Amino acid sequence: MELALDFPKVKAIVESYTEKVDSLIDSYADNKEQLISLLQDIQTEFNYLPQDVLVKISQKLDIPLSQVFSVATFFRAFSLKPRGRHLITVCLGTACHIRGGQRLVDKLERDYGIKPGETTEDKRFTLETVNCLGCCALGPVAVVDGKYESQVTPDKLDRVLRGYK
Amino acid sequence: MVEQVRKLLEKRAGSAAELENLRQSILDKRDTNRACISVCGGTGCRASGAEAVVDAFLDEIERRELQIQVELKETGCHGFCERGPVVVIRPKNIFYQRVKPEDIPEIISETVLGGKIIERLLYVDPVTNEKIVYEPDVPFYKRQTRTVFGANGEIDPTNIEDYIAVGGYSALSKALLQMSPDKIIEEVKKSGLRGRGGGGFPTGRKWQSCRDAEGKIKYVICNADEGDPGAYQDRSLLEGNPHSVIEGMIIGAYATGSQRGYIYVRNEYPLAVSHARIAIEQAVDYGLLGENILGSGFNFTITINKGGGAFVCGESSALMASLEGKIGEPRAKYVHMSEKGLWDSPSLLNNVKTWANVPLIINKGAEWYSRVGTAGSKGTMIFSLVGKINNTGLVEVPMGITLREMIYDIGGGIPNGKKFKAVQTGGPSGGCIPEKYLDTPVDFDELTKLGSMMGSGGMIVMDEDTCMVDVARYFIEFLKGESCGKCTPCREGLNRMSEILGRITQGKGKREDLDTLEDLAGILSGGALCALGQTAANPVLSTLHYFRDEYLAHIDEKRCLAGVCRELIQYSIDPEKCEGCLRCLRGCPTGAISGEKRQPHTINQDMCIKCGACYDVCKFNAVVKR
């Protein structure tokens, strides 16, 4: 069977990817101490930190790869694995904890088969937990793709998630 | 282009007099009698739908062509997050709560134009059942002293002119042009201000030591890495009044001889990041930041750095390591960061709230500032009053107020008629304070005496349904996850403590475990490298001290009195109360509930996973948790 790859199109995608990565890294050329901010920008762009990008950061900014890797794995905000289409962030701060935040995580593990840091097989959802979002008055809080949901019960979470395909 | 430059030069204040002229011209343009609708745009109210409310107001104002008569302002957090979205109609300060987009046309026609009150949007005092019309009369606000936080509800944080209109940057002008650095430090020392981030170190002494430290380059840093779960006052201040923080930082930089500043802020606070960024740009445009500030010859720039979500980075040496682009591991501080910090240069680090106090001290004087507070703790403190409490939100109170006043008079007590059990202060490094100490005055030293601490101002109220062993386990789990792993006592000690507490909450604990916990706590406080480890055992020690009976119930009787620890509780259905509505049966994820319609249901204990779904959905209180 012949491969029906549209080469100019693939080439264009690869080029735009490379261009984006290069321009992001270059914008930090004078502030290479702001590695964490750079990694955050990369993650915002690609949803995770691709391996080749980490290598490129190390080469272009002349930072040892070991240091890039240690920073990328030390901070919980970073993921080395691709994430799902929708990101669920469940707050497990103290105020949410005593109001039952953990039960949301239990629910997702039970019904969606994902633990914190994991992605559903169909790549629909990634679950992450956070220590506090500072919306303690509204706990338990969950955030789906940046939208804050307040006073979430396991039942309500189910209803909310139905809206994300 | 020429036009743009001209405009920029026009608003740029090149001297103290020009700043005052600018302030006057802003005030002249404003009509104090004009109706102003202030909608809280803090993260809490946004989560409750404030953005849709703002849009609805904009549409309605446009539709009725009221742009000239009515001003709409999206402000920072007002503090009363529980009741969001919050809308205040000025100048009368009519207070509406839980406002929905559908209410907007009525608010405009009835209240703004007609001067009438809409009863259903008013706040009802849960104690007296009285409807309250005006914002200052709401008990939640009435008992507060909002000196630092007060402007939050009045200014649009993305508009520097709002801040200038309420007297903003006048302290900067006074400090730069009328005071010497030594005089400023003297004033801060005399005020008695102590660090609001946790440690409570005297701010003036820190500044002095940074000023005296040798080094050509010095740094000034704002710690907005508010990691304490259950505390969000730093976020609200940076979101709602970023200029007050920036003004404090510039004054601190001038006093210590620094030209470069950083704001290290959590990435989880996107709105705070964006407002701080806008504020910095505007301050530069207005000649209040950058080169030759207000014509004084003093230069200072501020860069924003976003954190990576590590609790330990709130610790000064870890924060600075992270600013250098390294992992956030603390180092031993034989030499203070104020002498050798960021890139080994003297670095002055203060918390958001501490910085925001500085302009007040400079403007009104140390004598005025130190009039409020207790002997050892001056001024006000902003607390986040959260957990099992009626009026959740941010409260600013004078130091020395009692816990009881905060929880009952401002917080409105415990919801649903439940009994108060404890209040946890100081974040994960703090402790739980029981009812018998509710009349303790709140300040740095008194809280420490009770085995807790002031910390960053988190105050989490717990009722009878909270298990204190579970709370201790929660904090130890939290700290275990956040320990950077550099030093052994913290890394290993927390792991062992977490195992032991896990066992106890599962009913597998032994009495000796309590001694081991106390031993480990001693090793942590004496042997850990940084404050995270040194204080990590506080939640365990304070709960062991005040709530030992709960630990013993878990160990001896295998019972969790609060009904929280899953392995020790059982759900059952009271056949007397069960109406057979099938609601719990349908909601049970494992199919453990059986029964016919209109017949009492039963739970098969072998299949029950104790998720509590049945307990939540039952309308007849027929599900019993034991």
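Bear in mind these aren't lab numbers, they're just calculated from the coordinates by the rules spelled out. Not measured: the values here are computed from a predicted model. Neighbour counts are summed over all protein chains in view; Cβ atoms, including those assigned to glycine, are modelled from backbone coordinates with ideal geometry.
Observations
- Average beta carbon contacts from partner chains per residue of B:616-625, 10 Å cutoff: 1
- Extent of segment B:146-305 along its three principal axes (Cα atoms, max minus min coordinate, largest first): 36, 35, 29 Å.
- The tail of the calculated P(r) for the protein assembly as shown beyond 43 Å holds 30 percent of all Cα-Cα pairs.
- Relative to its Kirkwood radius, the Cα radius of gyration of segment B:575-619 gives an Rg/Rh of 0.92.
- Between segment B:384-446 and segment B:222-281, the C-alpha centres lie 26 angstrom from each other.
- Dipole moment magnitude, nearest 20 debye, the protein assembly as shown about Cα centre, only Lys, Arg, Asp, Glu C-beta charged: 880
- In percent, rounded to a whole number, the relative contact order of segment B:493-589 is 28, using alpha-carbon pairs under 8 Å and six or more apart.
- Counting only DSSP H runs of at least 4 residues, each contributing -39500 (n - 2.57), and dividing by the residue count of the protein assembly as shown, the helix-based mean residue ellipticity at 222 nm comes to -11500 deg cm²/dmol.
- Surface/4 estimate of mean projected area, convex hull on alpha-carbon atoms of segment B:143-229, nm²: 8.5
- Convex hull (Cα only) mean projected area of chain A, reported in nm² to one decimal: 12.6
- Dimensions in Å of segment B:1-136 - Rg and Dmax from alpha carbons: 18.0, 62
- Note on segment B:433-567: Rg/Rh from Cα positions, Kirkwood definition for Rh, rounded to two decimals, is 0.96.
- Length-normalised contact order for chain B - Cα pairs under 8 Å, 6+ apart - percent: 11
- Shape index of segment B:483-626: Rg/Rh, with Rg the Cα radius of gyration and Rh the Kirkwood radius from the inverse mean 1/r over Cα pairs, equals 1.16.
- Which of B:TRP368, B:ILE573, B:PHE298, positive extreme of dipole for the protein assembly as shown (C-beta unit charges): B:ILE573
- Shape analysis of segment B:104-147 based on the Cα gyration tensor places the equivalent ellipsoid semi-axes at 24, 14, 7 Å, largest first.
- Only lysines eight or more places from B:LYS73 in sequence, or on another chain, were considered; those with a Cα closer than 20 Å are B:LYS29, B:LYS92, B:LYS100.
- Loop GluC sites (Glu not before Pro), segment B:118-160, which have at most 15 other Cβ atoms in a 10 Å radius of their Cβ (DSSP): B:GLU130
- If both residues of a DSSP beta bridge must be in chain B, then about 55% of such bridges are antiparallel.
- Likely footprinting exposure, B:PHE547, A:PHE69, fewest C-beta neighbours within 10 Å first: A:PHE69, B:PHE547
- Legend: calculated FRET efficiency, B:LYS333 to B:GLU499, from the Cβ-Cβ distance at R0 = 35 Å, rounded to 0.05, equals 0.70.
- Computed from the alpha carbon atoms alone, the convex hull of segment B:343-422 holds 151 Å³ per residue.
- Nearest-ten-degree value, helix A:35-46 long axis tilted from longest Cα axis of chain A: 80
- The charge dipole of chain B, taken about its Cα centre with unit charges on the Cβ atoms of Lys, Arg (+1), Asp and Glu (-1) only, comes to about 600 debye.
- Efficiency of FRET between B:LYS436 and B:GLU579 - r from beta-carbon atoms, R0 35 angstrom, step 0.05: 0.25
- Its alpha carbons considered, chain B gives a radius of gyration followed by a Dmax of 26.6, 84 Å.
- Loop-located GluC sites (Glu not before Pro) across segment B:527-607 with a Cβ neighbour count of 12 or fewer within 10 Å are B:GLU576, B:GLU596, with loop assigned by DSSP.
- Ranked for footprinting exposure by Cβ neighbours inside 10 Å, fewest first, A:THR126, B:THR111 give B:THR111, A:THR126.
- The Stokes-Einstein estimate for segment B:468-533, based on a Kirkwood radius over Cα pairs and taken at 4 °C with 1.567 mPa s viscosity, is a diffusion coefficient of 109 µm²/s.
- Filtered chymotrypsin sites (Phe, Trp or Tyr not before Pro), segment B:255-353: DSSP coil and at most 13 other beta carbons within 10 Å: B:TYR334
- Per-residue Cβ neighbour rank within 10 angstrom, fewest leading, B:THR158, A:THR119: B:THR158, A:THR119
- On Cα atoms only, tilt of B:16-29 relative to the major axis of chain B in degrees: 70
- Chain A - percent relative contact order, Cα under 8 Å, separation 6 or more: 18
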